[in-house]
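Here the structure comes first, spelled out in structure tokens, and everything after it is commentary.
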Amino acid sequence: MEIKTIPLNDLHTKLGAKMVPFAGFQMPVRYSSDIEEHMTVRNGVGVFDVSHMGEFTVKGPGALPLIQKVTSNDAAKLIPGQAQYSCLPNTDGGIVDDLIVYKIAEEDYLLVVNASNIEKDWNWISKFNSFGAEMKNISDKICLFAVQGPKAASVLQRLTDVDLASIPYYHFSIGIFAGKNDVIISNTGYTGAGGFEIYVPAAAAEEVWNQIFEVGQPEGIKPIGLGARDTLRLEMGFCLYGNDIDDTTSPIEAGLGWITKFTKPFNSSEAFLRQKEMGVERKLVGFKMTEKGIPRHHYVIKDGSGNTIGHVTSGTMSPLLGIGIGLGYVQTAYAVPGTEIFVEIRNQPIKAVVSKLPLIKK
């Protein structure tokens, strides 16, 4: 498979980023160290170039009926300027992808999907477009910068007249940013540290990036790689598609019942409703290691008697807590916070405890 490059690939290389293939793209995984970049975002401000993400526009009278058919959340409740976390269920009780639905205006939506699933999602949504919705894949024309951290708002405010403090979580504004018109400024972060996502035309990306770094110098702004993005989202317990959710997991099992609304029919809605009413055999949980060890994807989870009860889907060393943390599916009986479990690391059962999400105090 051909590995694509994002528009600012050369700039990241010049900045000393370690570039690695991720989701079909060459992406910056780190510039200095994962821990340093992680703490920069938790305490200050950092910028992720996540221009590999996919963007589709869906417009016209058929836009909402199509979105209602293919997504689990209820997009009819959106007002212009509001965004919604949702998923694309398949027809077998699993998840094609998770995504964010933006309502730009009446009959005008933007869907933001995961980079590795751009073609898959486009084909899936198109398959159900019997409503005549006008769809466009604008992924190659858009760059996306996630400017995250407690100091992000004060930095970005210098580049726009849009009042950033008035944009609540999962809302957005469209305005002039860094001298560019019609920029989407969105409060939908994936780090739990505050901040905004900036959607800019690819042609203006380098100029906007440079302006953000220029005005952010007093705050010590830094570029941040995918390594820190993973540890930041894990501390919050946010799902990553391909690890914690996929074509074989249901949103009910994954703790995403809150984005699964039975106010309308959608793909697999009957199966999910049965799960909600009857319960599920396994659940996705967060956990913290109580003994020394770092959990990793696919590690086996056992009970105190050595019986296999599940597996780790995501794991890391938390830079903030200084201990191993993770997400994993376990049999429902073991999903209660406070339950002791054991992660098998190098053939040894290492103690952990099921913990409420997020895994850090905000």
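We did not get these values from a lab; they are worked out from the coordinates using the rules stated. Treat the numbers as computed from the prediction; the structure is a model and nothing was measured. Neighbour counts run over all protein chains shown; Cβ positions are idealised from the backbone, glycine included.
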Point to revise | Table column - 3J(HN,Hα) (Hz), region 130-136, Karplus curve with 6.51, -1.76, 1.60, x for Gly and Pro | key: 8, 9, x, 5, 7, 10, 9
**Study point:** Tensor-based shape of region 273-352 (alpha-carbon gyration tensor, a/c under 1.5 rounded, otherwise prolate or oblate)
**Key:** prolate
Review point. Hey, if you put +1 on the Cβ of every Lys and Arg and -1 on every Asp and Glu Cβ in region 201-352, which of Ala204, Leu327, Asn243 ends up farthest toward the positive end of that dipole?
Key: Leu327
Exercise for review: Using a 10 angstrom cutoff on alpha carbons, build the Gaussian network for the chain and name the most mobile of Ser268, Ser250, Ser130.
Suggested key: Ser130
Practice item. Multiply the residue separation of Arg158 and Ala76 by 0.36 nm, subtract the distance between their alpha-carbon atoms, and state the gained length in nm to one decimal. Key: 26.1 nm
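What shape does region 31-138 take by its C-alpha gyration tensor, where a ≥ b ≥ c are the square roots of the eigenvalues and a/c under 1.5 counts as rounded, a/b above b/c as prolate, and the rest as oblate? Show your work: numbers first, answer last.
Details: a/c = 2.31, a/b = 1.84, b/c = 1.26.
Because a/c hits 1.5 or more and a/b exceeds b/c, region 31-138 counts as prolate.
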Check your understanding: What are the residues whose amide H is under 5 Å from the amide H of His171, where those residues sit 5 or more places off or on another chain and H is modelled from the backbone?
Key -> Ala83, Asn187
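Let's see if you can work this out: charge +1 on each Lys and Arg Cβ, -1 on each Asp and Glu Cβ, no other charges. What is the dipole magnitude of region 239-279 about its Cα centre, in debye to the nearest 20? Can you show the working numbers first?
Working: 4 positive and 6 negative charges, 55 e Å.
Computed charge dipole of region 239-279: roughly 260 debye.
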Review point. Per residue of the chain, what 222 nm ellipticity follows from adding -39500 (n - 2.57) for every DSSP H run with n ≥ 4, rounded to the nearest 500?
Key: -5500 deg cm²/dmol
**Study point:** Peptides 302-308, 269-275, 23-29, 75-81 ordered by average Cβ neighbours within 10 Å, highest first
**Key:** 23-29, 269-275, 75-81, 302-308
**Study point:** Given charges at Cβ of Lys, Arg, Asp, Glu: the chain dipole, positive-most of Thr308, Asn90, Asn114
**Key:** Thr308
Revision key, fill the gap. Per its Cα gyration tensor (rounded if a/c is under 1.5, else prolate when a/b beats b/c, else oblate), region 47-90 is best filed as prolate
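Under a point-charge model restricted to the Cβ atoms of Lys and Arg (+1) and Asp and Glu (-1), what is the dipole moment magnitude of the chain relative to its Cα centre, in debye to the nearest 20?
On the way: 34 positive and 39 negative charges, 170 e Å.
Computed charge dipole of the chain: roughly 820 debye.
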Review point. According to a simple spin-label model (label point 7 Å from Cα along Cα-to-Cβ), what is the distance in nm between Tyr170 and Asp108?
Key: 2.3 nm
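Do you know the relative contact order of region 281-362, to the nearest whole percent, from alpha carbon pairs under 8 angstrom that are 6+ apart? If you can, show how the numbers build up before the last one.
Working: 210 pairs, mean separation 31.4, N = 82.
Value for region 281-362: 38 percent.
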Study note, to complete from the structure: Distance in Å, no decimals, from the C-alpha centre of region 11-49 to the one of region 313-362 is 26 Å
Revision key, fill the gap. Quick calc, region 281-362, dipole around Cα centre from Cβ unit charges on Lys, Arg (+) and Asp, Glu (-), nearest 20 debye, gives 300 debye
Exercise for review: Set the Förster distance to 30 Å, then compute FRET efficiency between Val20 and Glu277 from the Cβ-Cβ distance, nearest 0.05.
Suggested key: 0.10
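Residues with beta-carbon under 10 Å from that of Gly93, excluding Gly93: net charge, scoring Lys, Arg +1 and Asp, Glu -1?
Values: positive: Arg274; negative: Asp92, Asp247, Glu253, Glu270.
Within the 10 Å Cβ shell, the charges total -3.
Percent relative contact order of the chain, based on C-alpha pairs within less than 8 angstrom and at least six residues apart?
Numbers: 839 pairs, mean separation 62.5, N = 362.
Relative contact order here is 17 percent.
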